[in-house]
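**Q** This is the structure I have questions about; it appears just below.
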Amino acid sequence: MSDDIYPVPETWAKTARIDAATYAKDYARSLSDPTGYWLEQAQRLDWMTAPTLADESDFTEEKFAVRWFADGVLNVSANCLDRHLEARGDQVAIIWEPDAPTASPRHITYRELHAEVCKFANALKAKGVRKGDRVTLYLPMIPEAAVAMLACTRIGAVHSIVFGGFSPDALAGRITDCDSRIVITADEGCRGGKSVALKTNVDAAAKLSSSVETIIVIKATGADVPMTEGRDFWYGDLIAEADADCAPEPMNAEDPLFILYTSGSTGKPKGVLHSTGGYLLWASLTHELVFDYRDGDVYWCAADVGWVTGHTYIVYGPLANGATTLMYEGVPNWPSPSRIWQVVDRHKVNQLYTAPTALRALMKEGDSYVTATDRSSLRLLGTVGEPINPEAWRWYHQVVGEGRCPIVDTWWQTETGGQMITPLPGATALKPGSATFPFFGVEPKLVDAEGKVLEGAAEGNLVITRSWPGQMRTVWGDHDRFFQTYFSTYPGTYFTGDGCRRDADGYYWITGRVDDVINVSGHRMGTAEVESALVLHKTVAEAAVVGFPHDIKGQGIYAYVTLNSGETPSDELRKSLVAWVRQEIGPIATPDAIQFTPGLPKTRSGKIMRRILRKIAEGDISSLGDTSTLADPSVVDDLVANRVGKP
Ligand code: ATP
Ligand code: MG
């Protein structure tokens, strides 16, 4: 895809926590002596009873189990708060940047956060919440979201966060699935200058889901919302009455920590369950090493707490490490495409972690919105969520980071709890578009369709052959689905569902979902490769590529293309794009059809929903399936109306 290599900058190599030699040595040890390695790493957490057992997992059907540190006892909120009080009680834990740039940010210290969490934990207890109970959170990006998460962990309740953009239907489904009796929400949310009627949505969901007995409402915007006597309570009132003293509940390492429903880009959402000990260790270790987090840094993960990225890299990883974590209420491009960089300048952010979809949207508006800002505080940049096109990578590196900041392109999943294949900034020479190498303890392999392991440079299906501490433990309420979904395809391994290429230097390149791999005249091609070539063209902002049945080639290539602001679709441009892809990749990748579109169907977490694009390309528009998790279902009508006829 890209032959450029970006060596580790000299200043980074010199000061690295993990340099190339250490990575090689520690990685080898993490596989050869997993028990020694992981019991040592586990000491970074504060245990009530330290574990003597490490990995007891088994991926075979007969003895199937995922289990780590099973004799250890700890509490997550104590690790994220109490243990920091002595050394850094007055350090800022959370910087909150509100949606409106004219509103004032908030700075919350570890001591303040600790007090608020203890009070809310007591309030939850007073409402009857017990260890093991599920609590649904439907919240905007406000500090109280972190308070609610940590308060649940303090008393051993299992939180299930539902992204604030989901409809009452979707919310009700998730409440019912985990049988949650209590919902924590806000009057309204506020994103990009628009308000979101959260409380109204919860009221509607409560009508659909009979399990809801209690609703706690945070005053975020002060909007007038109806409150039902005996069922609905104001967060502020409960906090005002609550005691600030709440002992952390001792939890077994294997006790459930949270449920998070996957975004549903490949099917019905699954309630992914994470554990207390293994997950927290994975969150903490990856956060420190991948972002090179150092004392005094201001770190910003620009995700929403409704996604796993927000769980692990806004809340649990940073707070376990005593970091200052920035939480942003709004969206990257409001009120202008400079906003994200203005926030960086305002708070002197050192590490920024965001998604390729956000970068492509900003890149499309031109460089001036970036160059108008300072950004000199930035030391490291990260991405997650989808393969990043080399073009977007270079823009991030050169324009945003001015060539100074390593980029960590981190591959992982809701199911993995944290980063799995990722550069370490002081150790890894980067190739734009590659997530590079496995993190400690992660053993990836590539297999062909029959499960045969492919060695050396190869392309196939990505599997992980042994457990790691942050691995999900089950699908809530459906352990068999957990086994069937991930462990039955290639017996004895965890199947990621992703396609992947390993180059001659051992770098891993995620090529997209396995479903999205196209087979043109017997030649396997990842959709990411063709998309990257298209995005490289100066007129193209974003592209999505899918296969469709083709009489001669078996499968043909259908490309959906969104142009940069100011560009106009034309047949001529279509021809030059075809020629461009032929030149970039080769004639085998010649698109058979190109459809210009003002937008692509995306999930609410910003991922392109190729399942729908495939149906449209096939002309099978009567069965587009579930489109309810789309951010904007109306783009589908435009796509159907402007489908390129029989290509
Ligand atoms: P669902 O599982 O419900 O269909 P989802 O897979 O989109 O939703 P996530 O767990 O958030 O939900 O996403 C994980 C997927 O995102 C990975 O399997 C991979 O396809 C993609 N991904 C994440 N990070 C990267 C990356 N750095 N490079 C390439 N792909 C990535
Ligand atoms: Mg997935």
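The values are calculated or read from the model by the stated rules, or taken from the named source; none is laboratory data. The structure presented is a predicted model; accordingly, all values stated were derived computationally and were not measured. FYI the Cβ positions are ideal-geometry reconstructions off the backbone, even for glycines, and counts take in every protein chain you see. All accessible areas refer to the heavy atoms of the entire protein, side chains included, with ligands and DNA or RNA removed. Shrake-Rupley method; radii C 1.70, N 1.55, O 1.52, S 1.80 Å.
**Q** Restricting to region 212-243, count the residues that are within 30 Å of LEU45 (Cα to Cα) and open to solvent by less than 60 Å² (accessible area, probe 1.4 Å).
**A** Going through region 212-243 one residue at a time, the tally reaches 2.
**Q** Scan region 478-496 and report the pairs whose first residue is polar (S, T, N, Q) and whose second residue is exposed (fewer than 14 other Cβ atoms within 10 Å of the Cβ), with Cβ atoms within less than 8 Å and a gap of 6+ or a chain change.
**A** As it stands, the answer is SER488/GLU61, since those pairs meet every condition given.
**Q** If you scan region 370-402, which residues turn out to be within 20 Å of SER532 (Cα to Cα) and of a type in the set (Gly, Ala, Ser)?
**A** Matches in region 370-402: GLY382, GLY385, ALA392.
**Q** Looking at SER628, SER622 in this structure, which one is assigned to a helix (DSSP H, G or I), of a type in the set (Ser, Thr, Tyr) and open to solvent by 60 Å² or more (accessible area, probe 1.4 Å)?
**A** Values: SER628 fails: assigned to a helix (DSSP H, G or I).
After applying the criteria, what remains is SER622.
**Q** Inside region 69-94, can you point out the residues that are in contact with a Leu (Cβ under 8 Å, 6 or more places away or on another chain) and either over 19 Å from SER284 (Cα atoms) or among the acidic types (Asp, Glu) (or both)?
**A** ASP71 - this is the single residue of region 69-94 that is in contact with a Leu (Cβ under 8 Å, 6 or more places away or on another chain) and either over 19 Å from SER284 (Cα atoms) or among the acidic types (Asp, Glu) (or both).
**Q** Out of ILE215, ILE259, I need the residue that is touching a Cys at 6+ places or on another chain (Cβ under 7 Å) and either within 21 Å of VAL147 (Cα to Cα) or within 16 Å of ligand 2 (Cβ to nearest atom) (or both). Which one?
**A** On the way: ILE215 fails: touching a Cys at 6+ places or on another chain (Cβ under 7 Å).
Being touching a Cys at 6+ places or on another chain (Cβ under 7 Å) and either within 21 Å of VAL147 (Cα to Cα) or within 16 Å of ligand 2 (Cβ to nearest atom) (or both) holds for just one of ILE215, ILE259, which is ILE259.
**Q** Open to solvent by 10 Å² or more (accessible area, probe 1.4 Å), within 18 Å of ILE510 (Cβ to Cβ) and in contact with a helix residue (DSSP H, G or I) (Cβ under 7 Å, 6 or more places away or on another chain): does that describe GLU459? Walk me through it before giving the result.
**A** Numbers: open to solvent by 10 Å² or more (accessible area, probe 1.4 Å): yes; within 18 Å of ILE510 (Cβ to Cβ): yes; in contact with a helix residue (DSSP H, G or I) (Cβ under 7 Å, 6 or more places away or on another chain): no.
No: the conditions fail for GLU459.
**Q** Turning to a different aspect of this structure: Among the residues of region 363-413, count how many are open to solvent by 10 Å² or more (accessible area, probe 1.4 Å), within 16 Å of ligand 2 (Cβ to nearest atom) and modelled with pLDDT of 95 or more.
**A** Number satisfying all stated conditions: 4.
**Q** Just one of the numbered conditions (1) in contact with a strand residue (DSSP E or B) (Cβ under 8 Å, 6 or more places away or on another chain); (2) within 27 Å of LEU257 (Cα to Cα); (3) within 16 Å of ligand 2 (Cβ to nearest atom) is not true of THR357; which one?
**A** Failing condition for THR357: (2).
**Q** Please go through region 527-546 and give me each residue that is more than 16 Å from ligand 1 (Cβ to nearest atom) and either touching a helix residue (DSSP H, G or I) at 6+ places or on another chain (Cβ under 7 Å) or of a type in the set (A, V, I, L, M, F, W, C) (or both), ordered by number.
**A** ALA533, LEU534, LEU536, HIS537, THR539, VAL540, ALA541
**Q** Among (1) outside any helix (DSSP H, G or I); (2) free of Cβ contacts under 8 Å to residues at least 12 places away in the same chain; (3) over 25 Å from GLN471 (Cα atoms), there is one condition LYS63 misses while meeting the rest; what is its number?
**A** Result: LYS63 fails condition (3) only.
**Q** Moving on to the next point. Within region 590-597, does at least one residue satisfy the condition of being exposed (fewer than 13 other Cβ atoms within 10 Å of the Cβ) and farther than 18 Å from ALA528 by Cβ? Full working, then the answer.
**A** Narrowing region 590-597 to residues exposed (fewer than 13 other Cβ atoms within 10 Å of the Cβ): none.
No.
**Q** Could you check, for region 244-251, whether at least one of its residues is crowded, with 23+ Cβ neighbours inside 10 Å, within 16 Å of ligand 2 (Cβ to nearest atom) and within 25 Å of ASP478 (Cα to Cα)?
**A** There is no residue in region 244-251 that is crowded, with 23+ Cβ neighbours inside 10 Å, within 16 Å of ligand 2 (Cβ to nearest atom) and within 25 Å of ASP478 (Cα to Cα).
**Q** Within region 414-439, take every residue that is β-branched (Val, Ile, Thr) and more than 16 Å from ligand 2 (Cβ to nearest atom) and give me the one that is farthest from ARG502 (Cα to Cα).
**A** Per the stated criteria, the residue is THR428.
**Q** While we're looking at this one, here's another question. Picking from ARG582, ARG574, ARG604, ARG524, which residue would you name as being open to solvent by 10 Å² or more (accessible area, probe 1.4 Å) and touching a helix residue (DSSP H, G or I) at 6+ places or on another chain (Cβ under 8 Å)?
**A** ARG582
**Q** Among the candidates TYR23, TYR37, which residue alone is under 30 Å from PRO432 (Cβ atoms) and of a type outside the set (A, V, I, L, M)? It would help to see each step written out before you state the result.
**A** Working: TYR37 fails: under 30 Å from PRO432 (Cβ atoms).
Step by step, each of TYR23, TYR37 is checked, and only TYR23 is under 30 Å from PRO432 (Cβ atoms) and of a type outside the set (A, V, I, L, M).
**Q** Could you check, for region 598-607, whether at least one of its residues is more than 20 Å from ASN389 (Cβ to Cβ) and over 26 Å from the mean Cα position of the chain (by Cα)? Give the derivation first.
**A** First, pick out the residues of region 598-607 that are more than 20 Å from ASN389 (Cβ to Cβ): 604.
Checking the rest, the ones that are also over 26 Å from the mean Cα position of the chain (by Cα) come to none.
No: zero hits.
**Q** Restricting attention to region 62-94, and to residues there that are open to solvent by 10 Å² or more (accessible area, probe 1.4 Å) and in contact with a helix residue (DSSP H, G or I) (Cβ under 7 Å, 6 or more places away or on another chain), which single residue is nearest to THR276 (Cα to Cα)? Write out each step before concluding.
**A** So the first thing to find is which residues in region 62-94 are open to solvent by 10 Å² or more (accessible area, probe 1.4 Å), and the list is 62-67, 70-71, 73, 78, 82-88, 90-92.
Pick out the ones that are also in contact with a helix residue (DSSP H, G or I) (Cβ under 7 Å, 6 or more places away or on another chain) and you get 64, 82, 84-85, 88, 90-91.
Numbers: PHE64: 20, ASP82: 16, HIS84: 19, LEU85: 21, ARG88: 24, ASP90: 27, GLN91: 25 Å.
Ranking the qualifying residues of region 62-94, first place goes to ASP82.
**Q** Which members of region 301-331 meet the condition of being more than 16 Å from ligand 2 (Cβ to nearest atom), in a loop (DSSP other than H, G, I, E, B), under 28 Å from THR136 (Cβ atoms) and out of contact with any Ser or Thr (no Cβ under 7 Å at 6 or more places or on another chain)?
**A** Once the filter is applied, which keeps residues that are more than 16 Å from ligand 2 (Cβ to nearest atom), in a loop (DSSP other than H, G, I, E, B), under 28 Å from THR136 (Cβ atoms) and out of contact with any Ser or Thr (no Cβ under 7 Å at 6 or more places or on another chain), region 301-331 yields ASP304, VAL305, ALA323, GLU329, GLY330, VAL331.
**Q** Considering TRP476, TRP468, which residue is open to solvent by 20 Å² or more (accessible area, probe 1.4 Å) and at pLDDT 95 or above?
**A** TRP476
**Q** Condition first: under 30 Å from LYS607 (Cβ atoms), modelled with pLDDT of 95 or more and open to solvent by less than 20 Å² (accessible area, probe 1.4 Å). Now tell me which residues in region 252-275 satisfy that.
**A** Filtering region 252-275 down to residues under 30 Å from LYS607 (Cβ atoms) leaves 256-275.
Next, from what is left, pick out any that are modelled with pLDDT of 95 or more: 256-260, 271-275.
The answer is LEU257, PHE258, ILE259, LEU260, GLY271, VAL272, LEU273, HIS274, SER275.
**Q** On the given criteria, is LEU359 within 16 Å of ligand 1 (Cβ to nearest atom) and assigned to a strand (DSSP E or B)?
**A** no
**Q** With a cut-off of at least 3 residues that are open to solvent by less than 60 Å² (accessible area, probe 1.4 Å) and out of contact with any Leu (no Cβ under 7 Å at 6 or more places or on another chain), name the helices (runs of 4 or more DSSP H) lying wholly within region 1-58.
**A** The helices (runs of 4 or more DSSP H) meeting that bar are 20-32, 34-41.
**Q** Among (1) under 27 Å from GLY271 (Cα atoms); (2) β-branched (Val, Ile, Thr); (3) away from ligand 1 (no atom under 15 Å from the Cβ); (4) modelled with pLDDT under 95, which single condition is VAL514 missing?
**A** With (1) under 27 Å from GLY271 (Cα atoms); (2) β-branched (Val, Ile, Thr); (3) away from ligand 1 (no atom under 15 Å from the Cβ); (4) modelled with pLDDT under 95 applied to VAL514, the lone miss is (3).
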